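All remarks here apply to the structure that follows.
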Number of protein chains: 2
Amino acid sequence: MQKVEHIGIAVKSLDSAVTLFEKLLNTLCYKTERVENEKVNTAFLKTGETKIELLESTEADGVIARFIEKKGEGLHHIAFEVADIETEMARLKNEGFLLLGDTPRPGADNKLVCFLHPKTTNGVLVELCMEKK
Amino acid sequence: MQKVEHIGIAVKSLDSAVTLFEKLLNTLCYKTERVENEKVNTAFLKTGETKIELLESTEADGVIARFIEKKGEGLHHIAFEVADIETEMARLKNEGFLLLGDTPRPGADNKLVCFLHPKTTNGVLVELCMEKK
């Protein structure tokens, strides 16, 4: 793991959350992106080497909508940047972590990503991510 | 806000969580510390410029014990490093954020800290922190 690439935050309204986090972090949102396969609209802000990724569901049955229903708005996941995602997936599988998927899939922000099941990570949804080449 | 200084994770057992996060992050815990006024034992690991702070309650009625009772183990707060905590507290108060306390208080890891109420930050418990001088 090289660094915390981003922290994902589940929000009901991307527009209001962007306004709020721009005030909080005292910096402007520099990108928004729709990720079809995750059913989310995302918005990014930067602080130091880490991004804050705001996540709004595009559909009532999306994973973010269901998260908010269950737990409310708030911290959703941490994403760690890795040098080689397949090597890291193999290492973690070997250590007993449960990976959600056998191969990396496309994520927001030009990344290949893989999630780890929170039941093997103390309740924390962990994402591995690597810039697409 | 200068960077994500640390991410706080609520855990039931610090010992098991340390073992788990050492495997996950592929790095060793470099410090543990008891913070009496917060009723927590903490353990720190580092990835890039950000620390992962594992938090175990020292008492049944501690804030971490109550968090876990309500929401389960997992992501608890994000701490942002600020250049001058009193200036940043004044700026955020002026922007309409609700601060928990009027003056910074001592936190783990030789810091002065102040928390923002999650109801004004989209459900995210936010900490401001600054190295004690």
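The values are calculated or read from the model by the stated rules, or taken from the named source; none is laboratory data. Keep in mind it's a predicted model, so treat the numbers as computed, not measured. When we count neighbours, we look across all protein chains shown, and the Cβ atoms used for this are built from the backbone with ideal geometry, even at glycine. The protein model used for the area step is the full one, side chains on, heavy atoms only, and it has no ligands, DNA or RNA in it. Shrake-Rupley method; radii C 1.70, N 1.55, O 1.52, S 1.80 Å.
Here are the numbers for this structure:
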read-out	value
At 7 Å out from Cα toward Cβ: A:Thr32 inter-copy label distances (nm, ascending)	4.7
Shielding by other protein chains, B:122-131, mean Cβ within 10 Å	4
Rounded accessible area of A:Arg105 (nearest 10 Å², 1.4 Å probe)	80 Å²
Chain pair A, B: total accessible area buried, heavy atoms, 1.4 Å probe, Å²	3100 Å²
For the protein assembly as shown: accessible area per residue (Å², 1.4 Å)	45 Å²
Loop-resident sites, the stretch A:30-130, for chymotrypsin sites (Phe, Trp or Tyr not before Pro), counting at most 16 other Cβ within 10 Å (DSSP)	A:Tyr30
Net charge over other residues, Cβ less than 11 angstrom from the Cβ of A:Leu20 (K, R count +1; D, E count -1)	-3
Helix-derived mean residue ellipticity, 222 nm - over chain B, DSSP H n ≥ 4, -39500 (n - 2.57), to 500	-7000 deg cm²/dmol
The stretch B:1-45: relative contact order in percent, alpha carbon pairs under 8 Å with at least 6 residues between	30 percent
Whole-percent pair-distance distribution, where bins are 10 Å wide, for the alpha carbons of the protein assembly as shown	7, 31, 38, 21, 3, 0
Over 18 Å between alpha carbons, listed pairs B:Lys31/B:Lys51; A:Lys71/B:Lys71; B:Lys111/B:Lys133; B:Lys3/B:Lys93	B:Lys3/B:Lys93
Cα-Cα pairs of chain A separated by more than 22 Å (percent)	35 percent
Amide H within-cut-off set for A:Thr50, under 5 Å, with H built and near neighbours excluded	B:Val4
Accessible area of B:Cys29 in the full protein assembly, 1.4 Å probe (Å², nearest 10)	30 Å²
Kirkwood Rh (inverse of mean 1/r, distinct Cα pairs), the stretch B:59-133, angstrom	13.2 Å
Assigned charges on the beta-carbon of Lys, Arg, Asp, Glu; chain B dipole about Cα centre (debye)	160 debye
Closest-to-axis residue of chain B (Cβ criterion, axis taking B to A), whole Å	B:Leu75, 2
At least 15 Å along the helix axis (C-alpha) and Kyte average at least -1.0, DSSP helices within chain A	A:14-25
Within the stretch B:50-125, GluC sites (Glu not before Pro) in DSSP loop having at most 14 other beta-carbon neighbours inside 10 Å	B:Glu59, B:Glu95
Accessible-area composition of chain B, carbon plus sulfur, in percent [1.4 Å probe]	49 percent
For B:Lys71, net neighbour charge (Lys/Arg +1, Asp/Glu -1) across residues whose Cβ lies under 12 Å away	+2
